[in-house]
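Data block below; observations after.
The values are calculated or read from the model by the stated rules, or taken from the named source; none is laboratory data. Since we're looking at a predicted model, the values are computed, not measured. Virtual Cβ from ideal backbone geometry, glycine too; neighbours counted across all protein chains shown.
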Amino acid sequence: MDRTAAIQRLEESDIYGDVVVIGGGASGLGAALEAASRGYKTLLLEQDDFAKGTSSRSTKLVHGGVRYLAQGNIALVLEALRERGRLKHNAPHLVKDQSFVIPCYKWWCVPFYTIGLTLYDLMAGKLSIGRSVPLSLKKTMQSLPAIVTNSLRGGVRYYDCQFDDARLAVNLCQTLHEHGGLALNYMKVIDLTIEEGRVTGVMAEDMENGQIYGIQSKVVINATGVFVDQILKLEDPEARDIVKPSQGVHLVLDRQFLKGEEALMIPKTPDGRVLFLVPWHNRIVVGTTDVEKQRAELEPQAEEAEVSYILETASRYLSVPPGKEDVLSVFTGLRPLAAPSGEGKKTKEISRGHKILVSDAGLITLTGGKWTTYRKMGEDVVDVAAVRSKLDKRKSISRDLKIHGHMDDVNMMGPHYWYGSDLKLINDMIDKDPRMGEVISEKLHILKVQIVWAIREELARTLEDCLARRTRALQLDAQESIRIAPRVAEIMAQEMGYNKNWETKQTETFIILAKGYLLTNNL
């Protein structure tokens, strides 16, 4: 993928084509890939970087949603379990099985959750990845060696999947290009083109140089997550808000706090939420919270009460309780929940199902949903778009569509396994030029070649792109990402032909951002 070449493609056509998708997160990428894989001429526009917002700040789980089962939302659980299986099949280099253990301190806990999770397994049908089983006290302690054992009676093990959200976004973008689509980051939609009462395209600004582009399309899909209301108001300034943002905070800890390979799931915290402690890239992701927010932001900040809630809840279950000083990074995302029609409904009670709305002028808006169901969201919204815009009827092929990087035999224990089939090409670069093997960070196993690859093949444009999403340095260890920032900026400047001023400005901007991921600096 090359941004300059992509813009040249855009400039060569007065009328771009069939489908313009606004938004480069999970829902936008799913919609764009669905459209392109059906053969529609497709363009995706993202105001910042792909997965900049919510879509790179998840709990890193591909799951059916045990909590939704408890809420009685059977349809959503069935859909998510099916999609979990499909995603694992289509992107095995990014999605892997993860066992979870629920520790039980009450006599009724083991049979209660065993029955419920057995139903969860049965709902997955042939896409099930493992059977839930009760665990004895001894086996629970072996599975969770860092657990508090006082009053522990046993546990229950069940299975879901874990993945890397931002890496999936990058691979979806690459897959989109491979199917003839076009994706541009740092291209902000600033207006809609409306002719004779119909949306016929968009006006977009290149955020790198200020160039304005008028882009015509048969249909426009608004898939901007928590920002969908802003796009809706370009058509109708009086349009009611359809999204209710909910903030979720995650803390990242060293693996020593969990020790084993299994994840810990706390099904009901004192305020009724679920808390996960999940191994991820040799760290532990702990979360999440569910706090209603009044407005959408690209860089939402964790509130002190949210951080305290996570640490206090985790400390009740871990033999070595973590403190603020142990947090390597804190990242915060906003869920684009479909706003309820009634008042007084808490965000944790709002369905994670997706909704599709069509405006009077034909703007199609996709909202709600979650990473697990991104493909189904794309299929549904393109079905609607095809009918509304009278596109040729074409069958969806995305259920079995292999995502870029797909490999059948992935060594999940190997360094940089998440590159999948691209790993051979990356290693070839080191073989041709040993300087590419320079170690940038021993802690995070980051090599120079990864930065160069991100620029040449993954549309990375800024230091943040490389350290937050192409590698996961910022989320895994904010302090280490600050330490390596100057060297990464230097490599980027050399590769992209920028001067020392660009390098310095990028470093300064990133360090300001990264300090917001450090608890000791703010909360």
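Which residues, counting only those in region 410-442, are in a loop (DSSP other than H, G, I, E, B) and more than 22 Å from H93 (Cα to Cα)?
Step one: filter region 410-442 for residues in a loop (DSSP other than H, G, I, E, B), giving 410-416, 420-421, 433, 438, 442.
D433, E438, E442, listed by residue number.
Does I194 qualify as being modelled with pLDDT of 95 or more and under 30 Å from S315 (Cβ atoms)? Walk me through how you get there before you give the answer.
Details: modelled with pLDDT of 95 or more: yes; under 30 Å from S315 (Cβ atoms): no.
No.
Determine if region 48-64 includes at least one residue that is small (G, A, S), farther than 30 Å from L251 by Cβ and in contact (Cβ under 8 Å) with a residue 60 or more places away in the chain. Quick ask: steps written out before the conclusion?
Here is the first cut: in region 48-64, the residues small (G, A, S) are 51, 53, 55-56, 58, 64.
Add one more test, that the residue is farther than 30 Å from L251 by Cβ, and what stays is none.
There is no residue in region 48-64 that is small (G, A, S), farther than 30 Å from L251 by Cβ and in contact (Cβ under 8 Å) with a residue 60 or more places away in the chain.
In region 51-68, what residues are assigned to a loop (DSSP other than H, G, I, E, B) and either modelled with pLDDT of 95 or more or within 29 Å of G130 (Cα to Cα) (or both)? Write out each step before concluding.
First, pick out the residues of region 51-68 that are assigned to a loop (DSSP other than H, G, I, E, B): 51-53, 57-60, 63-65.
Scanning region 51-68 gives A51, K52, R57, S58, T59, K60, H63, G64, G65.
Is it the case, given these coordinates, that R461 is touching a residue at least 60 places away in the same chain (Cβ under 8 Å) and farther than 27 Å from Q98 by Cβ? Quick ask: steps written out before the conclusion?
Numbers: touching a residue at least 60 places away in the same chain (Cβ under 8 Å): yes; farther than 27 Å from Q98 by Cβ: yes.
When the stated conditions are applied, R461 passes them.
For region 410-421: of the residues being farther than 15 Å from Q174 by Cα and touching a residue at least 40 places away in the same chain (Cβ under 8 Å), which is surrounded by the most Cβ atoms within 10 Å (Cβ to Cβ)? Steps first, please.
Filtering region 410-421 for residues farther than 15 Å from Q174 by Cα gives 410-417.
With touching a residue at least 40 places away in the same chain (Cβ under 8 Å) added as a condition, the list becomes 410, 412, 417.
Values: V410: 21, M412: 10, Y417: 15.
Looking at the filtered set, the residue picked out is V410.
Kindly check whether there is at least one residue in region 367-387 that is among the hydroxyl-bearing types (S, T, Y), assigned by TED's automatic domain parsing to the domain that holds N171, surrounded by 16 or more Cβ atoms within 10 Å (Cβ to Cβ) and over 24 Å from the mean Cα position of the chain (by Cα). Before you say what the answer is, go through the steps one by one.
Quick first cut of region 367-387, residues among the hydroxyl-bearing types (S, T, Y) only: 367, 372-374.
Going one step further and asking which of them are assigned by TED's automatic domain parsing to the domain that holds N171, we end up with 367, 372-374.
Filter once more, keeping what is surrounded by 16 or more Cβ atoms within 10 Å (Cβ to Cβ): 367, 372-374.
With over 24 Å from the mean Cα position of the chain (by Cα) added as a condition, the list becomes none.
No, the conditions are met nowhere in region 367-387.
Inside region 163-209, can you point out the residues that are assigned to a strand (DSSP E or B) and under 16 Å from A26 (Cβ atoms)? Explain how you work it out, then say what you get.
So in region 163-209, the residues assigned to a strand (DSSP E or B) come out as 182-184, 187-195, 198-206.
A183, the sole residue that qualifies.
Being surrounded by fewer than 24 Cβ atoms within 10 Å (Cβ to Cβ) and in a loop (DSSP other than H, G, I, E, B) is the filter here; which residues of region 19-45 pass it? Walk me through it before giving the result.
Residues of region 19-45 that are surrounded by fewer than 24 Cβ atoms within 10 Å (Cβ to Cβ), as a first pass: 37-39, 41.
Of everything in region 19-45, those that are surrounded by fewer than 24 Cβ atoms within 10 Å (Cβ to Cβ) and in a loop (DSSP other than H, G, I, E, B) turn out to be R38, G39, K41.
Looking only at residues that are outside any strand (DSSP E or B) and touching a helix residue (DSSP H, G or I) at 6+ places or on another chain (Cβ under 6 Å) in region 283-309, which one is farthest from A146 (Cα to Cα)?
A296
Please pick out the residue among S329, S351 that is within 25 Å of the chain's Cα centre (by Cα), modelled with pLDDT of 95 or more and among the small types (G, A, S). Break it down stepwise before answering.
Working: S351 fails: modelled with pLDDT of 95 or more.
Answer to the selection: S329.
State all residues of region 263-282 that are over 18 Å from the mean Cα position of the chain (by Cα), part of a strand (DSSP E or B) and surrounded by fewer than 21 Cβ atoms within 10 Å (Cβ to Cβ); if no residue qualifies, say none.
The one that is over 18 Å from the mean Cα position of the chain (by Cα), part of a strand (DSSP E or B) and surrounded by fewer than 21 Cβ atoms within 10 Å (Cβ to Cβ): I266.
For a quick check of your reading of the model, give me the residue pairs whose first member lies in region 65-87 and is on the phi > 0 side of the Ramachandran plot, whose second is assigned to a helix (DSSP H, G or I) and not acidic (D, E), with beta-carbon atoms closer than 8 Å and at least 6 apart or on different chains.
G65/L76; G65/V77; G65/A80; G65/T372
The conditions are (1) at pLDDT 95 or above; (2) outside any loop (DSSP other than H, G, I, E, B); (3) out of contact with any His (no Cβ under 6 Å at 6 or more places or on another chain); (4) not polar (S, T, N, Q), and D48 fails exactly one of them. Which is it?
D48 satisfies every listed condition except (2).
One line per residue, one yes/no per condition, for (1) under 22 Å from P279 (Cβ atoms); (2) of a type in the set (V, I, T); (3) surrounded by fewer than 16 Cβ atoms within 10 Å (Cβ to Cβ):
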| site | (1), (2), (3) |
| --- | --- |
| Q71 | no, no, yes |
| I102 | yes, yes, no |
| M123 | no, no, no |
| G154 | yes, no, no |
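Within region 391-409, is there a residue that is free of Cβ contacts under 8 Å to residues at least 60 places away in the same chain, farther than 25 Å from G39 by Cβ, in a loop (DSSP other than H, G, I, E, B) and of a type in the set (D, E)?
So far as region 391-409 goes, yes, one or more of its residues are free of Cβ contacts under 8 Å to residues at least 60 places away in the same chain, farther than 25 Å from G39 by Cβ, in a loop (DSSP other than H, G, I, E, B) and of a type in the set (D, E).
If you go through region 478-498 one residue at a time, do you hit one that is closer than 30 Å to H354 by Cα, crowded, with 17+ Cβ neighbours inside 10 Å and of a type in the set (S, T, Y)? Give the derivation first.
Quick first cut of region 478-498, residues closer than 30 Å to H354 by Cα only: none.
Taking every residue of region 478-498 in turn, none turns out to be closer than 30 Å to H354 by Cα, crowded, with 17+ Cβ neighbours inside 10 Å and of a type in the set (S, T, Y).
So V249 passes all but one of these: (1) outside any strand (DSSP E or B); (2) not assigned by TED's automatic domain parsing to the domain that holds I22. Which condition number does it fail?
Exception for V249: condition (1).
Can we say G39 is touching a residue at least 60 places away in the same chain (Cβ under 8 Å), touching a Lys or Arg at 6+ places or on another chain (Cβ under 7 Å) and over 30 Å from I266 (Cα atoms)? Spell out how you get there, then give the answer.
Details: touching a residue at least 60 places away in the same chain (Cβ under 8 Å): yes; touching a Lys or Arg at 6+ places or on another chain (Cβ under 7 Å): yes; over 30 Å from I266 (Cα atoms): yes.
Yes.
Can you confirm whether E238 is modelled with pLDDT of 95 or more and either among the acidic types (D, E) or at positive phi (or both)? I'd like the intermediate steps shown before the answer.
Working: modelled with pLDDT of 95 or more: no; either among the acidic types (D, E) or at positive phi (or both): yes.
No, not satisfied.
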